[in-house]
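Quick note: the coordinates plus some simple rules give every number you see, no bench work behind them. Remember, it's a predicted structure, so these values are computed and weren't measured experimentally. Every residue, glycine as well, gets a Cβ built from its backbone with ideal geometry; the counts of neighbours run over all protein chains shown.
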Amino acid sequence: MKFTASEIMTSPAISVHPDDTLKEVIQLFARHSISGAPVVNENNELIGIITERDIIDFSGQSHVVSLLDTSGWISPHTDTKDIANLKEGFELITSVRVRSQMSRKVYTVQQDTPGQEVARIMKKRKVDRVPVVDEKGQLLGIITRSNLVNKLAEL
């Protein structure tokens, strides 16, 4: 059985804007149980994508999470100077904008792209989601790994 991107995409896709803060994105991800979102401009044109990995990478570089042990708690052996740095890191997340952390290179498909091609792109490019856009680059929906798996379960 063959299928197209339009048959398996989630639409409308939950998207964010380049001027949203990382804190707002983190809250959106948690509220909707998602791990990434397309970034669109005021015309709903796709300009990037932001994922949990982007946020985690930023957090590691800015030492937001470096003091947390595997349990998620701050170690009792942490120096108070380090705790001050941690506080600064969390404050940074409330001011850093999506535009500075999003990936600008986004692999996209159109509504009529065959499902097999969508799967090939995701595997070859090692991406977990592929936005669906129209010929003008406007966001129509998104296909995630779970969309593909759910469709395969129906076959």
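So if each residue of separation counts as 0.36 nm, and I subtract the Cα-Cα distance between residue 31 and residue 121, what length gain in nm does that give?
Here the answer is 29.6 nm.
With a cut-off of 14 Å, note down the residues of the stretch 41-63 whose backbone N falls inside the zone around a label point 7 Å from the Cα of residue 103 toward its beta carbon.
Residues passing the 14 Å test: 47-58.
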